[in-house]
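A short worksheet on the structure shown next.
The values are calculated or read from the model by the stated rules, or taken from the named source; none is laboratory data. This is a predicted model, so every value here is computed, not measured. With ideal geometry, Cβ positions are generated from the backbone for all residues, glycine too; neighbour counts draw on all protein chains shown. Heads up: the accessible areas ignore ligands, DNA and RNA and are worked out on the full protein's heavy atoms, side chains in. Shrake-Rupley method; radii C 1.70, N 1.55, O 1.52, S 1.80 Å.
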Amino acid sequence: VVSAHNLYNADSGFAGKSDPYVIVEVPGQEGMKFQTNVINNSLNPVWNFTGTIDGFMDGDVLQFTVMDKDCWPKSDDLLGRAALTAQDFYPEGFHSEIQLSESKTQATLT
């Protein structure tokens, strides 16, 4: 997970900008996930994060969920989602932008 661009500001007003992080997981597979760190007050965050999911197999889907971190009691806000299959990134990797679905701003993830 390298970066995101043009994320929605879910913290508009006096709270600053969104505090995004990404959850990467294989849906329905317990324990097959990792999460980036939170980047405070950024609509164009850079993580340069590498994670590992053991047991990923051909046919699995890798789901990316971009969230805005909020303080309790407010729950975190969804900023967008994307998904890749093994064919999208194996064996050469994936080095492109993907459009986030459910985004209010046409945001992308790299």
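Of all the options Phe34, Phe64, Phe89, the one that moves most in a Gaussian network model of the chain with Cα springs shorter than 10 angstrom is Phe89.
Normalised by 2.2 N^0.38 Å, where N is the number of residues, the alpha-carbon radius of gyration of the chain equals 1.07. Averaging Cα coordinates gives a centre for the stretch 16-30 and one for the stretch 69-110; these two points are 8 Å apart.
Counting only Cβ charges, +1 for Lys and Arg and -1 for Asp and Glu, the dipole size of the chain around its Cα centre is about 360 debye.
Of all accessible surface on the chain at a 1.4 Å probe, what whole percent is carbon and sulfur?
Numbers: 3420 of 6640 Å².
Carbon plus sulfur share of accessible area: 51 percent.
The residue among Leu43, Ser75, Tyr21 whose Cα reaches farthest toward the positive pole of the charge dipole of the stretch 1-78, with charges on the beta-carbon of Lys, Arg, Asp and Glu, is Leu43.
Put simply, the amide H of Gly80, placed in the peptide plane, has neighbours under 5 Å in Val66, leaving out anything fewer than 5 places away on its chain.
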